[in-house]
Amino acid sequence: MEPLQPLQHFLPQVWFFILGLFLFLYVLLDGFDLGVGILSLTASSEERRSILMTSLGNVWDANETWLILMGGSLFGAFPLAYATILNALYLPAVIMVVGLILRAVSFEFRENAERKLIWNITFGVGSFLAALGQGFALGSVFEGITVDAAGHFAGGIWDWLTWRSVIVALTLIQGYVLIGSTYLILKTSGELQNTYYKTATIATWTTLVGAVFITITTPVFSEQAREQLFTAPLIYIFGLIPILGILLIGLLLRSLKYREENAPLIWTFLVFSLSFIGLGFVIFPKIIPPSVTIYQAAAAPSSLVFMLTFIGFLIPIVLSYNVYNYIVFRGKITGEF
């Protein structure tokens, strides 16, 4: 027996968890970033928009670090999944990348431009496109990806575009608007803060409607989800998650009603955390739903161990940098509006 053979089952699970962690941190941190960008399209004046942009100025670059780590780790840990998923989701990936490029360019150019309108619109549109591309990619997780016997993509270029993936994408956008609004509640004050209490409340309800629809329809349309969720003990967990979700939504709406500042962001983070736990139960151990598992797509154990050594050092460094960044630039953004 090879020395690393006992790890062939354990290491893919470790890397599945690490990739989930990277994705979770990206969605939380760059999620409010994208949400603020989308909300900037509705700002009523240039001064208000400047406050929104200033709230992101020192953190938005660091937020996207997790996306880069996730892409690199997926390539190294699950090369088959990397190739198949990018092939299947080529157009959503292009939409997302175009959106991220537009955001980066407009953010830098806006600072030095005399006429800021075009760059304001570009930043908001870029944020929307990035969120839309990610939403379509998430929708494909629920829809499933068609593969051949070797695990290679065997579907069509438009397989990702279905009525259900559109609803998933719109729900994710609303979720980003929600987390962006609760972030701006923390960073603003006065009339501007009241505006984002209102947008957060609206986004909470729209996100809830989309989440309920996805929760109900996923087992209906996905045989894998039915087999995965409606067997003990996962059926009990699956039944508990919606109950906890409704409870957290209630606490979020209560904190918005009573104009609390810190609590809305905390409850929103917990709602997103619960959603990720539910998503993990739906797809595990698949890395390419509904057929290819993490064990089939994983790289050699020696490669996984080698990567784990370096990523293990990198994760606390990047986390520490993020935490330090938010501590240094904490506090409200003040200005005349």
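Key figures
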| item | result |
| --- | --- |
| Entirely in the stretch 187-305, the helices (runs of 4 or more DSSP H) that have 2 or more residues that are modelled with pLDDT of 90 or more and under 22 Å from residue 35 (Cα atoms) | 190-221, 234-257, 263-283 |
| Residues located in the stretch 292-330, provided they are out of contact with any helix residue (DSSP H, G or I) (no Cβ under 8 Å at 6 or more places or on another chain) and small (Gly, Ala, Ser) | 300, 302, 312, 320 |
| Cross-chain or 6+ apart pairs with Cβ under 6 Å, the stretch 16-44 first and assigned to a helix (DSSP H, G or I), then of a type in the set (Asp, Glu) | 30/64 |
| Residue ID - farthest from the chain's Cα centre (by Cα), chosen from residues in the stretch 299-328 that are surrounded by 15 or more Cβ atoms within 10 Å (Cβ to Cβ) and closer than 30 Å to residue 50 by Cβ | 325 |
| Filter result (more than 30 Å from residue 214 (Cβ to Cβ) and either in contact with a helix residue (DSSP H, G or I) (Cβ under 7 Å, 6 or more places away or on another chain) or not in a helix (DSSP H, G or I) (or both)) within the stretch 114-135 | 114, 115, 116, 119, 120, 122 |
| Filter result (open to solvent by 20 Å² or more (accessible area, probe 1.4 Å) and closer than 14 Å to residue 73 by Cβ) within the stretch 286-298 | 287, 298 |
| Single condition residue 208 does not satisfy, out of (1) over 27 Å from residue 30 (Cα atoms); (2) open to solvent by 20 Å² or more (accessible area, probe 1.4 Å) | (1) |
| Test result for residue 93, in contact (Cβ under 8 Å) with a residue 40 or more places away in the chain and either hydrophobic (A, V, I, L, M, F, W, C) or not in a helix (DSSP H, G or I) (or both) | yes |
| Residue 88 being in contact with a Gly (Cβ under 7 Å, 6 or more places away or on another chain), open to solvent by less than 10 Å² (accessible area, probe 1.4 Å) and over 27 Å from residue 323 (Cβ atoms) | yes |
| Odd one out for residue 197 among (1) open to solvent by less than 40 Å² (accessible area, probe 1.4 Å); (2) aromatic (Phe, Trp, Tyr); (3) within 25 Å of residue 19 (Cα to Cα) | (3) |
| Qualifying residues in the stretch 46-64 (those that are among the hydroxyl-bearing types (Ser, Thr, Tyr) and closer than 15 Å to residue 328 by Cβ) - the one surrounded by the most Cβ atoms within 10 Å (Cβ to Cβ) | 55 |
| Given (1) over 30 Å from residue 300 (Cα atoms); (2) of a type in the set (Val, Ile, Thr); (3) touching a residue at least 60 places away in the same chain (Cβ under 8 Å), index of the condition residue 98 fails | (3) |
| Residue in the stretch 136-157 that is more than 19 Å from residue 96 (Cβ to Cβ), assigned to a helix (DSSP H, G or I) and modelled with pLDDT of 90 or more present | no |
| Close pairs from the stretch 254-277: first over 25 Å from residue 23 (Cβ atoms) and open to solvent by less than 50 Å² (accessible area, probe 1.4 Å), partner part of a helix (DSSP H, G or I) and aromatic (Phe, Trp, Tyr), Cβ under 7 Å, at least 6 apart | 255/267; 256/197 |
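The values are calculated or read from the model by the stated rules, or taken from the named source; none is laboratory data. Not measured: the values here are computed from a predicted model. Virtual Cβ from ideal backbone geometry, glycine too; neighbours counted across all protein chains shown. When the accessible area is computed, the model is the full protein with side chains, heavy atoms only, and any ligands, DNA or RNA have been set aside. Shrake-Rupley method; radii C 1.70, N 1.55, O 1.52, S 1.80 Å.
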